[in-house]
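This report concerns only the one structure given below.
The values are calculated or read from the model by the stated rules, or taken from the named source; none is laboratory data. Everything quoted here is computed from the prediction, not taken from an experiment. Every residue, glycine as well, gets a Cβ built from its backbone with ideal geometry; the counts of neighbours run over all protein chains shown. Note: accessible area is taken over every heavy atom of the protein model, side chains too, but ligands, DNA and RNA are not part of it. Shrake-Rupley method; radii C 1.70, N 1.55, O 1.52, S 1.80 Å.
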Amino acid sequence: MNSRDTLAQRIHRGEVRALARGLSMVENGDPGAGELLHTLFSAIPDHVTIGVTGPPGAGKSTLLDRMITRFRSQERRVGVIAVDPSSPFTGGALLGDRLRMQSHAVDPGVFIRSMGNRGHLGGISGATRDAGLILAAAGYDPVLVETVGVGQAEVEVAEIADVTALVLVPGTGDEVQAMKAGIMEIADLIVLNKADRPGMDQLEAAVAASLELAPEDRPRPPVVRVSAESGEGLEALWTSLDLLLSSTDPELRRLENTRRILRGILGESGARFGEMLLRSEYGSENELLELISGGSVTPYEAGLRLVRVAERMLEEDENQQD
Amino acid sequence: MDRRTRVLIGKPGLDGHDRGAKYIARALRDAGMEVIYTGIRQTPQAIAEAALQEDVDFVGLSLLSGAHNHLFPEVARILRDKGGADIILFGGGVIPEEDIPGLKQAGFKAIFTPGTPASEVVAFIENELKNRN
Ligand SMILES: Nc1nc2c(ncn2[C@@H]2O[C@H](COP(=O)(O)OP(=O)(O)OP(=O)(O)O)[C@@H](O)[C@H]2O)c(=O)[nH]1
Ligand SMILES: [Mg+2]
């Protein structure tokens with residue numbers, strides 16, 4: 001190892017320590033993370049990202065453990081990002097997903113990283129997306145992402161995944177009814193787990209009823225019954241998964257991926273630019289809030305003013321170039 | 001920047017009693033840390049690899065079965081070999097007083113014997129972080 005090699009070079013060679021550091025940079029919002037991703041970007045090989053979401057305890061990690069074994073049998077190197085919620089009060093987190101995949105810890109073809117969602121404003125998608133890209137740059141394909149399907153998280157995982165699997169379990173029929181549109185619509189594949197338990201028929205009926213309400217123009221996601229614990233039904237699951245993966249054209253997938261990355265980054269830089277404008281126009285968010293509470297400004301007016309300031313800046317910029 | 005202290009709690013060896021390990025894991029979480037628990041009966045290699053992939057600042061090992069004199073130093077050695085010498089190690093469990101110096105020699109910064117309140121482990125970690133920065 002040459003110590004003068006850059007972090008990007010070491011990640012590209014698949015050095016575990018460097019990869020782990022790169023992931024931490026992304027996770028921590030380290031100022032160097034953008035530069036690192038910029039350096040890695042053009043060398044990221046074609047890869048697929050599979051999102052696995054679902055309610056707490058549905059068996060997502062157990063299923064991921066099986067999925068790792070399956071892709072390893074095809075000699076593919078598997079990267080995993082497992083996101084667990086952070087406590088909104090202390091910021092701490094118990095990251096327990098790895099526990100179920102730990103049998104792969106000593107396999108050099110598997111890299112597992114646990115992440116707390118850290119209550120990120122605007123969700124986890126930015127850090128998870130970038131972590132996935134770093135794993136891909138190190139040669140991991142597929143990249144598997146586990147997120148707990150509560151609130152926004154499951155929608156976000158669909159934004160970064162090529163294929164999103166929703167894991168449901170018996171006894172959650174009522175919850176399925178309540179989920180209706182949102183969560184069902186993002187699923188490319190619905191996995192009914194714990195088939196060794198009673199209540200599968202009710203669950204499947206509830207899922208079918210919910211899917212009835214989904215928009216017509218979307219392909220109906222296949223619904224597969226499995227027991228991640230016993231292994232029952234997994235072959236059918238892999239067949240469905242392979243079909244979904246192969247039905248996406250690699251060129252198109254790459255383009256869609258890039259579009260999603262771009263949109264995510266535009267959103268993030270837009271927010272940062274907005275904050276800069278806000279500071280220069282109003283001092284700080286708190287000062288603006290005071291003006292709003294005092295009744296002299298409305299939030300809408302402030303928003304419009306910031307847009308006008310940005311427009312004026314662009315015009316001046318153009319005039320200078322003429 | 002939003003840095004969090006990351007700690008891996010591992011249980012090498014054959015005993016399946018993880019009450020203590022889980023108690024510490026929860027206490028560290030409640031102190032604002034991100035805690036990765038790898039479960040019972042882990043080989044030193046599996047614990048070390050997990051620690052490296054997870055980029056943790058600390059590894060805490062818990063053992064009741066009496067094989068600590070072999071297993072604890074083994075985790076330390078693998079971490080050192082693989083570029084993880086900066087990870088701070090601590091241990092806990094049923095460990096006779098006379099074994100403690102040897103484990104410290106092997107790279108363990110602290111050994112906590114049964115009955116140690118979790119707050120002491122939290123204080124140890126916070127103190128180490130202060131010294132490092
Ligand atoms: N009976 C049965 N239990 C299962 C099955 N799959 C997983 N489990 C159990 O369900 C529990 C939760 O499994 P996990 O894989 O941790 O579930 P998860 O969805 O990752 O949980 P969170 O990450 O905490 O949301 C564990 O006790 C598993 O052993 C299954 O097919 N059948
Ligand atoms: Mg899990």
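State the answer as a single residue: which of A:LEU211, A:GLY54, A:ALA187 lies farthest towards the positive end of the charge dipole of chain A, with beta carbon charges of +1 for Lys and Arg and -1 for Asp and Glu, about the Cα centre. Result: A:GLY54.
Per the Cα gyration tensor, the stretch A:166-322 maps to an equivalent ellipsoid with semi-axes of 48, 23, 13 Å, ordered largest to smallest.
Note on the stretch A:41-101: Cα-only Rg and Dmax are 14.3, 43 Å.
Among A:LEU255, A:LEU245, A:LEU133, the residue with the largest mean-square fluctuation in a Gaussian network model of chain A, with springs joining Cα atoms closer than 10 Å, is A:LEU255. Counting every C-alpha pair in the stretch A:251-321, the share spaced more than 17 angstrom apart comes to 58%. Quick one: net charge around B:SER62, please, counting Lys, Arg +1 and Asp, Glu -1 for every other residue with C-beta under 11 Å from its C-beta. Net charge around B:SER62: +1. Taking the Cα centre of the protein assembly as shown as the origin and placing charges on Cβ (Lys, Arg +1; Asp, Glu -1), which of A:GLN202, A:VAL307, B:PHE108 is farthest toward the positive end of the dipole? Toward the positive end, the furthest listed residue is B:PHE108.
Neighbouring Cβ atoms from other chains, within 10 Å of the Cβ of residues in B:73-86, number 1 on average. Residues considered: A:ASP141, A:ASP242, A:ASP84. Largest GNM mean-square fluctuation over chain A, using C-alpha springs under 10 Å, is found at A:ASP242.
A:SER280 contributes about 80 Å² of solvent-accessible surface, heavy atoms of the protein only, 1.4 Å probe. Comparing A:ARG118, A:ARG21, A:ARG98 in a Gaussian network model of chain A, where Cα atoms under 10 Å apart are tied by springs, the biggest mean-square fluctuation is seen for A:ARG21. In the protein assembly as shown the Cα-Cα distances spread across 20 Å bins starting at 0 as 22, 50, 25, 2, 0 percent of all pairs.
For the stretch A:197-244, the Cα gyration tensor yields ellipsoid semi-axes of 22, 17, 5 Å (square root of five times each eigenvalue, largest first, whole Å). If Lys and Arg each add +1 and Asp and Glu each add -1, what is the summed charge of the other residues whose beta carbon sits under 12 Å from the beta carbon of A:LEU237? Around A:LEU237, the surrounding residues sum to 0. Per-residue shielding of A:26-34, expressed as the average number of other chain Cβ atoms within 10 Å of the residue Cβ, stands at 2.
Below 15 angstrom from the Cβ of A:PRO31, what's the summed charge of the other residues (Lys, Arg +1; Asp, Glu -1)? Once all neighbours under 15 Å are counted, the net charge is -3.
Using alpha carbon centroids, what distance separates the stretch B:59-114 and the stretch A:16-61, in Å? About 31 Å separates the Cα centre of the stretch B:59-114 from the one of the stretch A:16-61.
Residue by residue along B:51-63, Cβ atoms of other protein chains within 10 Å of the local Cβ number 3 on average.
A Cβ-based charge dipole, computed about the Cα centre of the stretch A:1-43 with Lys and Arg at +1 and Asp and Glu at -1, lands at about 180 debye. Rounded to the nearest 500, the 222 nm mean residue ellipticity of chain B from helices alone is -13000 deg cm²/dmol, with -39,500 (n - 2.57) taken per DSSP H run of at least 4 residues. Rg/Rh, computed from the Cα trace of chain B with Rh as the Kirkwood radius, has the value 0.92.
In whole percents, the pair-distance distribution calculated for the stretch B:16-75 from its alpha-carbon pairs, binned every 5 Å from zero, is 4, 16, 29, 27, 18, 6, 0.
For chain A, the 222 nm mean residue ellipticity estimated from helices alone, with every DSSP H stretch of n ≥ 4 adding -39500 (n - 2.57) and the total spread over all residues, rounds to -17000 deg cm²/dmol.
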